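For reference, the structure is listed below as structure tokens.
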Ligand code: THU
């Protein structure tokens with residue numbers, strides 16, 4: 001895994017936690033926030049945006065990625081995902097793993113947690129193994 005400083009990782013998680021306050025989740029009441037550290041040093045956040053047609057819900061991770069790409073950013077160094085309404089760290093769903101794999105290096109740090117002192121650190125290589133995009137680019 002690419003190593004960032006603890007301070008950078010902690011700040012990124014704090015930002016994801018803060019972003020979760022903007023979650024639009026009136027159906028699940030499950031707030032999620034994501035924060036991406038971009039190669040230019042900026043941080044882009046995203047939240048889950050639900051819909052009364054439940055299947056149209058967009059997860060926080062994909063909201064963050066789509067927002068960043070929409071503003072011209074594609075070089076992503078790390079992502080933090082905060083799930084403050086869970087009592088354990090909730091990992092990205094399968095759809096988000098696919099989308100994360102499109103933009104994140106296989107060994108980029110991905111952290112997810114429900115609290116600052118209850119986080120998991122992982123990578124796309126672990127979350128989405130045998131991914132053709134990464135394997136073919138070796
Ligand atoms: N959700 C995310 O935004 N990201 C995750 O990693 C887990 C799930 C959202 C989708 C839905 O709005 C709510 O959490 C409950 O599943």
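Data overview
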{"quantity": "Relative contact order (percent, whole number), segment 6-136, Cα cutoff 8 Å, 6+ residue spacing", "calculated": "21 percent"}
{"quantity": "Normalised convex hull volume, segment 6-136, alpha-carbon set, Å³ per residue", "calculated": "102 Å³"}
{"quantity": "The chain: antiparallel DSSP beta bridges as a percent of all, rounded to 5", "calculated": "75 percent"}
{"quantity": "Inverse mean reciprocal Cα-Cα distance (Kirkwood Rh) of segment 74-126, Å", "calculated": "11.3 Å"}
{"quantity": "Shape call, segment 6-65: gyration tensor on alpha carbons, a/c limit 1.5", "calculated": "prolate"}
{"quantity": "Listed residues 84, 26, 92, most fluctuating in the chain (Gaussian network, C-alpha, under 10 Å)", "calculated": "26"}
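Coordinate-derived values only; no laboratory data. This structure is a prediction, so every number in the text was calculated from the model and none was measured.
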